[in-house]
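Participant: Here it is: the structure, laid out below.
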Amino acid sequence: MMKKRFLRIPIRTGIFLLAISLILSACREEETIPPVPVANSEQAGQVATAEKSQPQAARSESAAKGEQKDVEQTVARLEPTEGNEARGEVMFTRTNEGIRVTAQIQGLPPGRHGIHVHEKGDCSAPDASSAGGHYNPDGTPHGAPGNPPDQRHAGDLGNLESGENGTAKYERVDTIIQLSGENSIVGKAVVIHAGEDDFQSQPSGDAGPRMACGVIEAAKK
Ligand code: CU
Ligand code: ZN
């Protein structure tokens, strides 16, 4: 039958016939796509990609509305607030497990310091009050970064700890933070505080004055 005939003809002819049959099947939906044996897995992948062209168009439309699309990495360069010396870099990198957050800060007093994403990408005020409160797109209470999604702000990253030399390193993978889409942190700010985030006090963990602030930008490749 038809199936056997396809198996005997050369591959190139097979591809051509596959293309024709795809066009035909696009016109006549009730007809099933014939001879799968001709199509190797790569071709099948191409077919699948072609069928997804509609959602892609929808996504580029949302990108045109100003949303970030598929941001892989963002970086915030933190500068000290007035009277402080804390500065450094905080990076957010997309991984299969979530967003890896890494920070390297220097010039800190030894001890634990709250670190959060704040809602406004504005570090212009001498005390960084211009960065607003914690980034909280879901309207949830303040909490620890390991809390369930409804018991923390998206911007709650906990504390980093500096040693005697005043430097602090921080690394954890976060499953709430978003680099792209409606809740993207691009354009927000990272703030390091003078005191420790207690994960309890509302609305911001009683972490004290702001020592360093930096706007989160999409990393250039
Ligand atoms: Cu904060
Ligand atoms: Zn918070």
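Participant: Taking only region 100-119 into account, find how many residues are within 14 Å of ligand 2 (Cβ to nearest atom) and surrounded by fewer than 15 Cβ atoms within 10 Å (Cβ to Cβ).
Facilitator: Residues flagged as within 14 Å of ligand 2 (Cβ to nearest atom) and surrounded by fewer than 15 Cβ atoms within 10 Å (Cβ to Cβ) within region 100-119 amount to 0.
Participant: Answer yes if at least one residue in region 102-113 is β-branched (Val, Ile, Thr) and more than 14 Å from ligand 1 (Cβ to nearest atom), and no otherwise.
Facilitator: There is at least one residue in region 102-113 that is β-branched (Val, Ile, Thr) and more than 14 Å from ligand 1 (Cβ to nearest atom).
Participant: Quick test for you: out of 173, 101, pick the one residue that is under 21 Å from residue 194 (Cα atoms), within 20 Å of the chain's Cα centre (by Cα) and hydrophobic (A, V, I, L, M, F, W, C).
Facilitator: Only one candidate qualifies: 101.
Participant: How many of the residues making up region 171-193 are within 19 Å of residue 75 (Cβ to Cβ) and within 14 Å of ligand 1 (Cβ to nearest atom)?
Facilitator: Of the residues in region 171-193, 6 are within 19 Å of residue 75 (Cβ to Cβ) and within 14 Å of ligand 1 (Cβ to nearest atom).
Participant: Next up: Just need a number here: residues in region 158-193 that are within 16 Å of ligand 2 (Cβ to nearest atom) and closer than 22 Å to residue 125 by Cα.
Facilitator: Within region 158-193, residues that are within 16 Å of ligand 2 (Cβ to nearest atom) and closer than 22 Å to residue 125 by Cα number 7.
Participant: Do any residues in region 194-207 that are among the aliphatic types (A, V, I, L, M) have Cβ atoms under 7 Å from those of residues that are more than 9 Å from ligand 2 (Cβ to nearest atom) and in a loop (DSSP other than H, G, I, E, B), where the two are at least six apart or on different chains, and which pairs are they?
Facilitator: Partner pairs satisfying both residue conditions: 194/208; 194/209; 207/195; 207/196.
Participant: Could you please let me know if residue 122 is away from ligand 2 (no atom under 16 Å from the Cβ), in a loop (DSSP other than H, G, I, E, B), farther than 15 Å from residue 88 by Cβ and out of contact with any strand residue (DSSP E or B) (no Cβ under 6 Å at 6 or more places or on another chain)?
Facilitator: yes
Where a number appears in this text, it was derived from the coordinates with a stated rule and is not lab data. Because the structure is predicted, anything quoted here is derived from the model rather than measured. Every residue, glycine among them, receives a Cβ derived from its backbone with ideal geometry; neighbour counts consider all protein chains shown.
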